[in-house]
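Here is the structure we will look at, set down as C-alpha coordinates.
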(Lines give C-alpha, C1' and ligand atoms only; values in the text may rest on other atoms or scores of the structure.)
Protein backbone atom coordinates (compact mmCIF):
# COMPACT_ATOMS: atom_id res chain seq x y z
CA UNK A 1 0.00 0.00 0.00
CA UNK A 2 1.23 3.49 -0.85
CA UNK A 3 1.93 5.90 1.98
CA UNK A 4 0.02 9.17 2.20
CA UNK A 5 3.00 11.14 0.85
CA UNK A 6 3.30 8.79 -2.16
CA UNK A 7 -0.44 9.02 -2.83
CA UNK A 8 -0.33 12.78 -2.54
CA UNK A 9 2.64 12.86 -4.92
CA UNK A 10 0.69 10.87 -7.52
CA UNK A 11 -2.28 13.16 -7.03
CA UNK A 12 -0.16 16.25 -7.55
CA UNK A 13 1.39 14.80 -10.73
CA UNK A 14 -2.15 14.18 -12.00
CA UNK A 15 -2.96 17.84 -11.24
CA UNK A 16 0.06 18.99 -13.25
CA UNK A 17 -0.82 16.81 -16.27
CA UNK A 18 -4.51 17.73 -16.33
CA UNK A 19 -3.74 21.42 -15.80
CA UNK A 20 -1.41 21.44 -18.80
CA UNK A 21 -4.01 19.68 -20.96
CA UNK A 22 -6.74 22.09 -19.89
CA UNK A 23 -4.61 25.18 -20.60
CA UNK A 24 -3.73 23.78 -24.06
CA UNK A 25 -7.47 24.06 -24.77
CA UNK A 26 -7.47 27.55 -23.19
CA UNK A 27 -9.91 26.58 -20.45
CA UNK A 28 -9.94 27.74 -16.80
CA UNK A 29 -7.31 25.87 -14.80
CA UNK A 30 -9.75 24.99 -12.00
CA UNK A 31 -11.38 22.55 -14.44
CA UNK A 32 -8.03 20.75 -14.54
CA UNK A 33 -8.00 20.63 -10.74
CA UNK A 34 -11.49 19.08 -10.57
CA UNK A 35 -10.79 16.57 -13.36
CA UNK A 36 -7.52 15.46 -11.77
CA UNK A 37 -9.35 14.82 -8.49
CA UNK A 38 -12.08 12.89 -10.31
CA UNK A 39 -9.50 10.84 -12.23
CA UNK A 40 -7.67 10.02 -9.00
CA UNK A 41 -10.87 8.99 -7.20
CA UNK A 42 -11.79 6.61 -10.03
CA UNK A 43 -8.42 4.90 -10.45
CA UNK A 44 -6.97 5.07 -6.91
CA UNK A 45 -8.86 3.45 -4.05
CA UNK A 46 -9.87 5.47 -1.01
CA UNK A 47 -7.91 3.15 1.25
CA UNK A 48 -4.80 5.00 0.06
CA UNK A 49 -6.15 8.51 0.37
CA UNK A 50 -8.61 8.48 3.25
CA UNK A 51 -11.85 10.41 3.34
CA UNK A 52 -10.63 12.34 6.38
CA UNK A 53 -7.57 13.58 4.50
CA UNK A 54 -9.70 14.56 1.49
CA UNK A 55 -12.06 16.41 3.81
CA UNK A 56 -9.09 18.24 5.33
CA UNK A 57 -7.93 19.30 1.84
CA UNK A 58 -11.36 20.66 0.97
CA UNK A 59 -11.77 22.47 4.30
CA UNK A 60 -8.36 24.14 4.13
CA UNK A 61 -8.94 25.00 0.48
CA UNK A 62 -12.34 26.61 1.04
CA UNK A 63 -10.97 28.52 4.03
CA UNK A 64 -8.13 30.02 2.01
CA UNK A 65 -10.37 30.63 -1.02
CA UNK A 66 -12.70 32.79 1.10
CA UNK A 67 -9.66 34.41 2.71
CA UNK A 68 -8.33 35.34 -0.75
CA UNK A 69 -11.72 36.76 -1.81
CA UNK A 70 -11.75 38.86 1.34
CA UNK A 71 -8.20 40.07 0.67
CA UNK A 72 -9.24 41.26 -2.79
CA UNK A 73 -12.21 43.24 -1.46
CA UNK A 74 -11.46 46.82 -0.48
CA UNK A 75 -14.62 48.23 1.14
CA UNK A 76 -13.55 51.78 0.28
CA UNK A 77 -14.05 51.01 -3.43
CA UNK A 78 -17.67 49.87 -3.03
CA UNK A 79 -18.94 53.44 -2.92
CA UNK A 80 -17.64 54.05 -6.45
CA UNK A 81 -19.57 51.20 -8.07
CA UNK A 82 -22.67 53.31 -8.56
CA UNK A 83 -26.24 52.60 -7.55
CA UNK A 84 -27.08 51.27 -11.03
CA UNK A 85 -24.77 48.29 -10.52
CA UNK A 86 -26.27 47.55 -7.10
CA UNK A 87 -29.86 47.79 -8.34
CA UNK A 88 -29.21 45.74 -11.49
CA UNK A 89 -27.35 43.02 -9.58
CA UNK A 90 -30.06 42.87 -6.92
CA UNK A 91 -32.78 42.41 -9.58
CA UNK A 92 -30.73 39.81 -11.45
CA UNK A 93 -29.96 37.84 -8.29
CA UNK A 94 -33.60 37.84 -7.17
CA UNK A 95 -34.81 36.63 -10.60
CA UNK A 96 -32.15 33.92 -10.89
CA UNK A 97 -32.78 32.68 -7.35
CA UNK A 98 -36.51 32.40 -8.07
CA UNK A 99 -35.89 30.56 -11.36
CA UNK A 100 -33.41 28.13 -9.79
CA UNK A 101 -35.73 27.44 -6.85
CA UNK A 102 -38.77 26.89 -9.11
CA UNK A 103 -36.95 24.47 -11.44
CA UNK A 104 -35.40 22.55 -8.51
CA UNK A 105 -38.82 22.12 -6.86
CA UNK A 106 -40.29 20.85 -10.14
CA UNK A 107 -37.57 18.17 -10.25
CA UNK A 108 -38.49 16.96 -6.77
CA UNK A 109 -35.81 18.53 -4.59
CA UNK A 110 -36.84 19.58 -1.08
CA UNK A 111 -37.28 23.29 -0.24
CA UNK A 112 -33.94 23.43 1.58
CA UNK A 113 -32.12 21.59 -1.23
CA UNK A 114 -33.76 23.91 -3.77
CA UNK A 115 -32.49 26.95 -1.89
CA UNK A 116 -28.92 25.62 -1.99
CA UNK A 117 -29.16 24.69 -5.68
CA UNK A 118 -30.56 28.15 -6.47
CA UNK A 119 -27.34 29.74 -5.23
CA UNK A 120 -25.48 27.77 -7.87
CA UNK A 121 -27.61 29.35 -10.60
CA UNK A 122 -27.92 32.73 -8.89
CA UNK A 123 -24.32 33.94 -9.20
CA UNK A 124 -21.58 33.98 -11.84
CA UNK A 125 -17.99 32.77 -11.66
CA UNK A 126 -15.66 35.46 -10.32
CA UNK A 127 -12.56 33.31 -10.94
CA UNK A 128 -13.41 32.69 -14.60
CA UNK A 129 -14.86 36.03 -15.67
CA UNK A 130 -12.35 38.28 -13.89
CA UNK A 131 -9.48 36.37 -15.56
CA UNK A 132 -11.08 36.73 -19.00
CA UNK A 133 -11.68 40.47 -18.51
CA UNK A 134 -8.02 40.87 -17.56
CA UNK A 135 -6.77 38.73 -20.48
CA UNK A 136 -8.91 40.69 -22.98
CA UNK A 137 -7.55 43.98 -21.55
CA UNK A 138 -11.06 45.23 -20.82
CA UNK A 139 -10.57 46.14 -17.15
CA UNK A 140 -10.75 49.88 -17.88
CA UNK A 141 -13.56 49.65 -20.47
CA UNK A 142 -17.20 50.34 -19.59
CA UNK A 143 -18.09 46.67 -20.08
CA UNK A 144 -15.15 45.50 -17.95
CA UNK A 145 -15.91 47.90 -15.11
CA UNK A 146 -19.56 46.90 -15.16
CA UNK A 147 -18.84 43.15 -15.14
CA UNK A 148 -16.30 43.41 -12.32
CA UNK A 149 -18.69 45.64 -10.36
CA UNK A 150 -21.50 43.08 -10.72
CA UNK A 151 -19.17 40.29 -9.57
CA UNK A 152 -18.13 42.27 -6.47
CA UNK A 153 -21.79 42.88 -5.53
CA UNK A 154 -22.60 39.21 -6.20
CA UNK A 155 -19.80 38.17 -3.84
CA UNK A 156 -21.28 40.40 -1.14
CA UNK A 157 -24.73 38.86 -1.68
CA UNK A 158 -23.17 35.38 -1.57
CA UNK A 159 -21.60 36.09 1.81
CA UNK A 160 -24.96 37.33 3.12
CA UNK A 161 -26.66 34.16 1.83
CA UNK A 162 -23.97 31.98 3.43
CA UNK A 163 -24.70 33.75 6.70
CA UNK A 164 -28.47 33.23 6.34
CA UNK A 165 -28.09 29.56 5.40
CA UNK A 166 -25.78 29.12 8.34
CA UNK A 167 -28.79 29.94 10.51
CA UNK A 168 -30.90 27.14 8.99
CA UNK A 169 -29.16 24.57 11.16
CA UNK A 170 -30.15 26.43 14.33
CA UNK A 171 -33.01 24.65 16.06
CA UNK A 172 -33.51 27.23 18.80
CA UNK A 173 -35.42 30.43 17.97
CA UNK A 174 -33.30 32.27 20.52
CA UNK A 175 -30.09 31.28 18.75
CA UNK A 176 -31.65 32.27 15.41
CA UNK A 177 -32.45 35.76 16.72
CA UNK A 178 -28.94 36.11 18.16
CA UNK A 179 -27.21 35.40 14.81
CA UNK A 180 -27.62 38.97 13.36
CA UNK A 181 -26.49 40.49 16.69
CA UNK A 182 -23.47 38.20 16.79
CA UNK A 183 -22.73 39.15 13.17
CA UNK A 184 -22.66 42.82 14.13
CA UNK A 185 -20.28 41.96 16.97
CA UNK A 186 -18.01 40.03 14.56
CA UNK A 187 -17.93 42.84 11.98
CA UNK A 188 -17.57 45.53 14.64
CA UNK A 189 -14.72 43.63 16.29
CA UNK A 190 -12.99 43.19 12.92
CA UNK A 191 -13.32 46.92 12.20
CA UNK A 192 -11.91 47.88 15.60
CA UNK A 193 -9.07 45.35 15.25
CA UNK A 194 -8.20 46.58 11.75
CA UNK A 195 -8.41 50.26 12.62
CA UNK A 196 -6.71 50.43 15.99
CA UNK A 197 -4.55 47.32 16.45
CA UNK A 198 -3.66 45.46 13.24
CA UNK A 199 -2.01 48.39 11.44
CA UNK A 200 0.49 48.76 14.30
CA UNK A 201 1.24 45.02 14.32
CA UNK A 202 1.80 44.95 10.57
CA UNK A 203 3.88 48.13 10.67
CA UNK A 204 6.45 46.21 12.71
CA UNK A 205 5.97 42.86 10.92
CA UNK A 206 6.47 44.35 7.43
CA UNK A 207 10.16 44.87 8.26
CA UNK A 208 10.60 41.09 8.42
CA UNK A 209 9.03 39.13 5.47
CA UNK A 210 8.74 35.86 7.42
CA UNK A 211 7.03 37.61 10.33
CA UNK A 212 4.60 39.38 7.98
CA UNK A 213 3.73 36.03 6.38
CA UNK A 214 3.10 34.34 9.73
CA UNK A 215 1.23 37.32 11.19
CA UNK A 216 -1.13 37.48 8.20
CA UNK A 217 -1.91 33.77 8.48
CA UNK A 218 -2.39 34.32 12.19
CA UNK A 219 -5.11 36.88 11.44
CA UNK A 220 -6.85 34.33 9.19
CA UNK A 221 -6.86 31.62 11.82
CA UNK A 222 -7.73 34.07 14.60
CA UNK A 223 -11.05 34.84 12.88
CA UNK A 224 -11.68 31.18 12.00
CA UNK A 225 -11.53 30.58 15.77
CA UNK A 226 -13.68 33.57 16.72
CA UNK A 227 -16.43 33.10 14.08
CA UNK A 228 -17.74 29.71 15.41
CA UNK A 229 -17.95 31.19 18.91
CA UNK A 230 -20.40 33.74 17.49
CA UNK A 231 -22.44 31.17 15.56
CA UNK A 232 -20.74 31.51 12.16
CA UNK A 233 -18.74 29.03 10.08
CA UNK A 234 -14.96 29.09 9.83
CA UNK A 235 -15.27 30.07 6.16
CA UNK A 236 -17.17 33.24 7.10
CA UNK A 237 -14.43 33.92 9.63
CA UNK A 238 -11.77 33.50 6.91
CA UNK A 239 -13.59 35.96 4.64
CA UNK A 240 -13.88 38.53 7.44
CA UNK A 241 -10.15 38.05 8.14
CA UNK A 242 -9.35 38.72 4.48
CA UNK A 243 -11.48 41.88 4.42
CA UNK A 244 -9.84 43.01 7.68
CA UNK A 245 -6.36 42.69 6.15
CA UNK A 246 -7.51 44.26 2.86
CA UNK A 247 -8.51 47.44 4.67
CA UNK A 248 -5.16 47.99 6.40
CA UNK A 249 -2.28 50.12 5.11
CA UNK A 250 -0.29 46.98 4.27
CA UNK A 251 -2.73 45.18 1.98
CA UNK A 252 -0.34 44.91 -1.00
CA UNK A 253 2.59 43.61 1.05
CA UNK A 254 0.36 41.04 2.73
CA UNK A 255 -1.28 39.94 -0.51
CA UNK A 256 2.02 39.42 -2.33
CA UNK A 257 3.37 37.27 0.52
CA UNK A 258 0.28 35.11 0.95
CA UNK A 259 -0.91 34.59 -2.62
CA UNK A 260 1.33 31.58 -3.55
CA UNK A 261 0.19 29.67 -0.45
CA UNK A 262 -3.45 30.61 -1.03
CA UNK A 263 -3.28 29.47 -4.68
CA UNK A 264 -1.91 26.12 -3.51
CA UNK A 265 -4.73 25.56 -1.04
CA UNK A 266 -7.32 26.80 -3.54
CA UNK A 267 -6.03 24.08 -5.87
CA UNK A 268 -6.49 21.54 -3.06
CA UNK A 269 -10.10 22.70 -2.58
CA UNK A 270 -11.07 22.06 -6.21
CA UNK A 271 -9.05 18.82 -6.33
CA UNK A 272 -10.88 17.77 -3.17
CA UNK A 273 -14.21 18.46 -4.87
CA UNK A 274 -13.19 16.19 -7.74
CA UNK A 275 -12.08 13.49 -5.31
CA UNK A 276 -15.45 13.59 -3.57
CA UNK A 277 -17.52 13.38 -6.75
CA UNK A 278 -19.54 10.19 -7.02
CA UNK A 279 -20.27 9.59 -10.70
CA UNK A 280 -22.36 6.54 -9.81
CA UNK A 281 -25.17 8.74 -8.53
CA UNK A 282 -25.54 10.53 -11.87
CA UNK A 283 -28.93 9.40 -13.18
CA UNK A 284 -31.09 10.38 -16.11
CA UNK A 285 -33.05 12.59 -13.68
CA UNK A 286 -29.83 14.47 -12.77
CA UNK A 287 -28.81 14.86 -16.42
CA UNK A 288 -32.22 16.26 -17.43
CA UNK A 289 -32.19 18.64 -14.45
CA UNK A 290 -28.73 19.94 -15.36
CA UNK A 291 -29.72 20.24 -19.04
CA UNK A 292 -32.67 22.46 -18.09
CA UNK A 293 -30.46 24.62 -15.89
CA UNK A 294 -27.90 24.91 -18.72
CA UNK A 295 -30.59 26.14 -21.12
CA UNK A 296 -31.78 28.69 -18.57
CA UNK A 297 -28.19 29.72 -17.85
CA UNK A 298 -27.16 30.32 -21.46
CA UNK A 299 -30.45 31.74 -22.72
CA UNK A 300 -32.42 33.39 -19.91
CA UNK A 301 -29.48 34.62 -17.82
CA UNK A 302 -27.98 36.76 -20.62
CA UNK A 303 -31.46 38.04 -21.52
CA UNK A 304 -32.33 39.10 -17.97
CA UNK A 305 -28.91 40.66 -17.37
CA UNK A 306 -29.29 42.54 -20.66
CA UNK A 307 -32.76 43.80 -19.71
CA UNK A 308 -31.85 44.88 -16.17
CA UNK A 309 -28.80 46.80 -17.43
CA UNK A 310 -30.84 48.40 -20.23
CA UNK A 311 -33.34 49.54 -17.62
CA UNK A 312 -30.50 51.39 -15.91
CA UNK A 313 -29.52 53.18 -19.13
CA UNK A 314 -26.61 51.12 -20.51
CA UNK A 315 -26.29 50.62 -24.27
CA UNK A 316 -27.28 47.45 -26.12
CA UNK A 317 -23.80 46.07 -26.82
CA UNK A 318 -22.46 46.63 -23.31
CA UNK A 319 -25.57 45.12 -21.70
CA UNK A 320 -25.75 42.11 -24.02
CA UNK A 321 -22.05 41.20 -23.93
CA UNK A 322 -22.05 41.60 -20.12
CA UNK A 323 -24.88 39.06 -20.04
CA UNK A 324 -22.85 36.62 -22.15
CA UNK A 325 -19.85 37.04 -19.85
CA UNK A 326 -21.92 36.28 -16.73
CA UNK A 327 -23.91 33.29 -18.03
CA UNK A 328 -22.12 30.47 -16.17
CA UNK A 329 -22.69 28.87 -12.75
CA UNK A 330 -20.66 30.14 -9.81
CA UNK A 331 -17.91 28.50 -7.79
CA UNK A 332 -19.42 30.41 -4.86
CA UNK A 333 -22.49 28.19 -5.27
CA UNK A 334 -20.21 25.15 -4.95
CA UNK A 335 -18.73 26.64 -1.76
CA UNK A 336 -22.20 27.24 -0.29
CA UNK A 337 -23.35 23.72 -1.20
CA UNK A 338 -20.14 22.20 0.20
CA UNK A 339 -20.85 24.04 3.46
CA UNK A 340 -24.39 22.62 3.49
CA UNK A 341 -23.07 19.09 2.97
CA UNK A 342 -20.46 19.51 5.72
CA UNK A 343 -23.22 20.69 8.09
CA UNK A 344 -25.39 17.68 7.23
CA UNK A 345 -28.24 19.89 5.98
CA UNK A 346 -28.20 18.49 2.42
CA UNK A 347 -27.04 15.26 0.79
CA UNK A 348 -23.71 14.74 -0.97
CA UNK A 349 -25.56 14.21 -4.26
CA UNK A 350 -25.95 17.97 -4.55
CA UNK A 351 -22.15 18.32 -4.39
CA UNK A 352 -21.73 16.20 -7.53
CA UNK A 353 -24.50 18.13 -9.31
CA UNK A 354 -22.93 21.47 -8.43
CA UNK A 355 -19.41 20.48 -9.53
CA UNK A 356 -20.65 19.07 -12.85
CA UNK A 357 -22.71 22.19 -13.43
CA UNK A 358 -19.86 24.58 -12.75
CA UNK A 359 -17.31 22.66 -14.85
CA UNK A 360 -19.59 22.31 -17.92
CA UNK A 361 -20.86 25.90 -17.84
CA UNK A 362 -17.30 27.21 -17.42
CA UNK A 363 -16.17 25.32 -20.54
CA UNK A 364 -19.09 26.58 -22.64
CA UNK A 365 -18.98 30.08 -21.17
CA UNK A 366 -15.30 30.49 -22.09
CA UNK A 367 -16.29 30.46 -25.76
CA UNK A 368 -19.22 32.82 -25.19
CA UNK A 369 -16.83 35.29 -23.52
CA UNK A 370 -14.17 34.89 -26.20
CA UNK A 371 -16.60 35.55 -29.06
CA UNK A 372 -19.02 37.92 -27.29
CA UNK A 373 -18.63 40.69 -29.89
CA UNK A 374 -19.28 38.30 -32.79
CA UNK A 375 -22.37 36.92 -31.04
CA UNK A 376 -23.62 40.46 -30.43
CA UNK A 377 -23.16 41.36 -34.11
CA UNK A 378 -25.25 38.31 -35.04
CA UNK A 379 -28.15 39.46 -32.81
CA UNK A 380 -27.58 43.20 -33.23
CA UNK A 381 -30.61 44.08 -35.39
CA UNK A 382 -33.30 42.56 -33.14
CA UNK A 383 -31.56 43.96 -30.04
CA UNK A 384 -31.52 47.49 -31.44
CA UNK A 385 -35.25 47.30 -32.17
CA UNK A 386 -35.88 47.18 -28.42
CA UNK A 387 -33.39 49.96 -27.61
CA UNK A 388 -35.99 52.73 -27.66
CA UNK A 389 -38.13 51.06 -24.99
CA UNK A 390 -35.36 51.13 -22.38
CA UNK A 391 -33.88 54.60 -22.84
CA UNK A 392 -34.18 56.50 -19.58
CA UNK A 393 -35.85 59.91 -19.91
CA UNK A 394 -32.98 61.73 -18.24
CA UNK A 395 -30.59 60.38 -20.88
CA UNK A 396 -32.68 61.08 -23.99
CA UNK A 397 -30.73 63.05 -26.56
CA UNK A 398 -31.00 66.81 -26.05
CA UNK A 399 -31.39 69.12 -29.03
CA UNK A 400 -27.77 69.55 -30.05
CA UNK A 401 -26.40 70.73 -33.36
CA UNK A 402 -22.91 69.40 -34.06
CA UNK A 403 -22.29 72.43 -36.28
CA UNK A 404 -21.85 74.42 -33.05
CA UNK A 405 -18.89 72.26 -31.98
CA UNK A 406 -15.46 71.77 -33.52
CA UNK A 407 -14.14 69.08 -31.13
CA UNK A 408 -15.93 65.82 -30.27
CA UNK A 409 -14.97 63.45 -27.46
CA UNK A 410 -16.25 59.87 -27.47
CA UNK A 411 -15.97 58.98 -23.80
CA UNK A 412 -14.57 61.35 -21.20
CA UNK A 413 -13.41 59.61 -18.01
CA UNK A 414 -10.62 58.74 -17.31
CA UNK A 415 -8.20 59.13 -20.22
CA UNK A 416 -9.60 62.23 -21.95
CA UNK A 417 -9.87 64.71 -19.07
CA UNK A 418 -6.38 66.18 -19.42
CA UNK A 419 -6.77 66.70 -23.18
CA UNK A 420 -10.26 68.11 -22.65
CA UNK A 421 -8.98 70.75 -20.22
CA UNK A 422 -6.16 71.85 -22.52
CA UNK A 423 -8.46 72.16 -25.54
CA UNK A 424 -11.00 74.06 -23.45
CA UNK A 425 -8.27 76.52 -22.39
CA UNK A 426 -7.57 77.07 -26.11
CA UNK A 427 -11.16 78.21 -26.61
CA UNK A 428 -12.38 75.12 -28.46
CA UNK A 429 -16.09 74.26 -28.38
CA UNK A 430 -16.24 70.68 -27.15
CA UNK A 431 -19.05 68.11 -27.02
CA UNK A 432 -18.77 64.79 -25.20
CA UNK A 433 -20.60 61.70 -26.50
CA UNK A 434 -20.91 59.22 -23.62
CA UNK A 435 -22.70 55.90 -23.08
CA UNK A 436 -22.01 55.33 -19.39
CA UNK A 437 -24.92 56.54 -17.20
CA UNK A 438 -22.56 57.12 -14.27
CA UNK A 439 -20.34 59.38 -16.37
CA UNK A 440 -23.38 61.19 -17.77
CA UNK A 441 -24.22 62.31 -14.23
CA UNK A 442 -20.64 63.46 -13.68
CA UNK A 443 -20.72 65.43 -16.94
CA UNK A 444 -23.96 67.08 -15.88
CA UNK A 445 -22.41 67.96 -12.50
CA UNK A 446 -19.41 69.55 -14.28
CA UNK A 447 -21.72 71.45 -16.70
CA UNK A 448 -20.00 69.88 -19.71
CA UNK A 449 -22.06 69.68 -22.95
CA UNK A 450 -22.85 66.02 -23.59
CA UNK A 451 -24.84 63.70 -25.77
CA UNK A 452 -25.99 60.30 -24.54
CA UNK A 453 -25.52 57.64 -27.19
CA UNK A 454 -23.68 54.53 -28.24
CA UNK A 455 -21.65 53.93 -31.37
CA UNK A 456 -22.84 50.31 -31.29
CA UNK A 457 -26.11 51.62 -32.70
CA UNK A 458 -25.36 51.88 -36.46
CA UNK A 459 -27.95 54.65 -36.86
CA UNK A 460 -26.56 56.87 -34.13
CA UNK A 461 -23.70 58.47 -36.08
CA UNK A 462 -25.80 58.89 -39.23
CA UNK A 463 -28.10 61.34 -37.41
CA UNK A 464 -25.38 64.00 -37.12
CA UNK A 465 -23.41 66.27 -39.42
CA UNK A 466 -19.67 66.10 -38.66
CA UNK A 467 -18.63 68.49 -41.45
CA UNK A 468 -17.56 71.27 -39.05
CA UNK A 469 -15.69 68.99 -36.64
CA UNK A 470 -11.93 69.56 -36.71
CA UNK A 471 -10.87 67.06 -34.04
CA UNK A 472 -12.30 63.81 -32.71
CA UNK A 473 -10.83 62.15 -29.59
CA UNK A 474 -12.03 58.69 -28.58
CA UNK A 475 -11.14 56.89 -25.35
CA UNK A 476 -13.33 53.89 -26.26
CA UNK A 477 -11.43 50.59 -26.02
CA UNK A 478 -13.77 48.50 -28.18
CA UNK A 479 -12.05 47.88 -31.53
CA UNK A 480 -15.25 47.59 -33.59
CA UNK A 481 -16.72 50.79 -32.14
CA UNK A 482 -13.49 52.69 -32.77
CA UNK A 483 -13.31 51.52 -36.39
CA UNK A 484 -16.94 52.61 -36.90
CA UNK A 485 -16.08 56.11 -35.64
CA UNK A 486 -13.05 56.39 -37.93
CA UNK A 487 -14.84 55.13 -41.05
CA UNK A 488 -17.98 57.22 -40.64
CA UNK A 489 -16.34 60.52 -39.68
CA UNK A 490 -13.62 60.21 -42.35
CA UNK A 491 -16.30 59.60 -44.98
CA UNK A 492 -18.32 62.59 -43.73
CA UNK A 493 -15.33 64.89 -43.16
CA UNK A 494 -12.01 63.61 -44.61
CA UNK A 495 -10.08 66.64 -43.30
CA UNK A 496 -10.92 65.98 -39.65
CA UNK A 497 -8.22 64.70 -37.28
CA UNK A 498 -9.09 61.56 -35.35
CA UNK A 499 -7.25 60.43 -32.20
CA UNK A 500 -8.30 57.04 -30.83
CA UNK A 501 -7.30 54.58 -28.10
CA UNK A 502 -6.05 51.00 -28.52
CA UNK A 503 -5.71 48.01 -26.18
CA UNK A 504 -2.48 46.64 -27.66
CA UNK A 505 0.12 47.03 -30.42
CA UNK A 506 -1.77 44.86 -32.94
CA UNK A 507 -4.94 46.86 -32.36
CA UNK A 508 -2.94 50.11 -32.78
CA UNK A 509 -1.65 49.08 -36.20
CA UNK A 510 -5.12 48.03 -37.35
CA UNK A 511 -6.58 51.39 -36.33
CA UNK A 512 -3.84 53.22 -38.25
CA UNK A 513 -4.73 51.13 -41.30
CA UNK A 514 -8.40 52.02 -40.84
CA UNK A 515 -7.54 55.73 -41.06
CA UNK A 516 -6.78 57.00 -37.54
CA UNK A 517 -4.50 60.03 -37.46
CA UNK A 518 -3.04 59.10 -34.10
CA UNK A 519 -3.49 56.11 -31.79
CA UNK A 520 -3.04 56.34 -28.04
CA UNK A 521 -1.69 53.09 -26.65
CA UNK A 522 -1.88 53.65 -22.85
CA UNK A 523 1.09 51.43 -21.93
CA UNK A 524 3.29 53.16 -24.53
CA UNK A 525 2.10 56.61 -23.42
CA UNK A 526 2.96 55.72 -19.80
CA UNK A 527 6.46 54.66 -20.88
CA UNK A 528 6.95 58.00 -22.65
CA UNK A 529 5.60 59.84 -19.61
CA UNK A 530 8.09 58.08 -17.32
CA UNK A 531 10.90 58.85 -19.76
CA UNK A 532 10.07 62.58 -19.65
CA UNK A 533 9.82 62.37 -15.86
CA UNK A 534 13.34 60.87 -15.68
CA UNK A 535 14.67 63.69 -17.85
CA UNK A 536 13.12 66.22 -15.46
CA UNK A 537 14.66 64.33 -12.54
CA UNK A 538 18.11 64.48 -14.16
CA UNK A 539 17.77 68.25 -14.66
CA UNK A 540 16.12 69.30 -11.40
CA UNK A 541 14.39 67.16 -8.76
CA UNK A 542 12.10 70.11 -7.97
CA UNK A 543 10.42 69.65 -11.37
CA UNK A 544 9.38 66.14 -10.35
CA UNK A 545 8.15 67.30 -6.93
CA UNK A 546 6.13 70.09 -8.53
CA UNK A 547 4.49 67.65 -10.92
CA UNK A 548 3.78 65.26 -8.04
CA UNK A 549 1.94 67.98 -6.09
CA UNK A 550 -0.09 68.97 -9.17
CA UNK A 551 -1.05 65.33 -9.81
CA UNK A 552 -2.09 64.82 -6.18
CA UNK A 553 -4.30 67.93 -6.34
CA UNK A 554 -5.86 66.76 -9.61
CA UNK A 555 -6.51 63.23 -8.28
CA UNK A 556 -8.07 64.62 -5.09
CA UNK A 557 -10.31 66.87 -7.17
CA UNK A 558 -11.43 63.92 -9.32
CA UNK A 559 -12.05 61.81 -6.20
CA UNK A 560 -14.09 64.58 -4.59
CA UNK A 561 -16.29 64.92 -7.68
CA UNK A 562 -17.02 61.21 -7.68
CA UNK A 563 -17.79 61.22 -3.96
CA UNK A 564 -20.19 64.16 -4.26
CA UNK A 565 -22.08 62.89 -7.29
CA UNK A 566 -25.34 60.97 -6.96
CA UNK A 567 -23.78 58.13 -8.94
CA UNK A 568 -22.26 56.85 -5.69
CA UNK A 569 -24.30 54.16 -4.00
CA UNK A 570 -26.68 55.34 -1.28
CA UNK A 571 -28.29 52.45 0.60
CA UNK A 572 -31.21 54.59 1.80
CA UNK A 573 -31.94 55.79 -1.72
CA UNK A 574 -31.63 52.20 -2.97
CA UNK A 575 -34.21 50.92 -0.46
CA UNK A 576 -36.45 53.86 -1.28
CA UNK A 577 -36.44 52.96 -4.97
CA UNK A 578 -37.32 49.36 -4.18
CA UNK A 579 -40.20 50.40 -1.91
CA UNK A 580 -41.58 52.65 -4.65
CA UNK A 581 -41.47 49.75 -7.10
CA UNK A 582 -43.30 47.55 -4.60
CA UNK A 583 -46.06 50.17 -4.18
CA UNK A 584 -46.48 50.32 -7.95
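The values are calculated or read from the model by the stated rules, or taken from the named source; none is laboratory data. None of these values were measured; they are calculated from a predicted model. Cβ atoms come from the backbone with ideal geometry, glycine included; neighbour counts cover every protein chain shown.
Here are the numbers:
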{"read-out": "In the range 106-126, the residues that are part of a helix (DSSP H, G or I), buried (at least 19 other Cβ atoms within 10 Å of the Cβ) and in contact (Cβ under 8 Å) with a residue 24 or more places away in the chain", "value": "113, 115, 116, 117, 119, 120, 121, 122, 126"}
{"read-out": "Unique match (being assigned to a loop (DSSP other than H, G, I, E, B) and under 21 Å from residue 110 (Cα atoms)) among 288, 346", "value": "346"}
{"read-out": "Residue, surrounded by the fewest Cβ atoms within 10 Å (Cβ to Cβ), within the range 206-223, restricted to residues that are assigned to a helix (DSSP H, G or I) and in contact (Cβ under 8 Å) with a residue 24 or more places away in the chain", "value": "209"}
{"read-out": "Criterion violated by residue 333 - all others in (1) part of a helix (DSSP H, G or I); (2) over 19 Å from residue 158 (Cα atoms) satisfied", "value": "(2)"}
{"read-out": "Residue check, residue 451 free of Cβ contacts under 8 Å to residues at least 60 places away in the same chain, crowded, with 19+ Cβ neighbours inside 10 Å, closer than 23 Å to residue 311 by Cβ and under 31 Å from the mean Cα position of the chain (by Cα)", "value": "yes"}
{"read-out": "So residue 69, is it at pLDDT 80 or above and either in contact with a helix residue (DSSP H, G or I) (Cβ under 7 Å, 6 or more places away or on another chain) or closer than 21 Å to residue 264 by Cβ (or both)", "value": "yes"}
{"read-out": "Which numbered condition residue 289 misses (of (1) under 30 Å from residue 20 (Cβ atoms); (2) over 21 Å from the mean Cα position of the chain (by Cα); (3) assigned by TED's automatic domain parsing to the domain that holds residue 209)", "value": "(1)"}
{"read-out": "Check on residue 244, at pLDDT below 90, buried (at least 23 other Cβ atoms within 10 Å of the Cβ), assigned to a helix (DSSP H, G or I) and assigned by TED's automatic domain parsing to the domain that holds residue 70", "value": "no"}
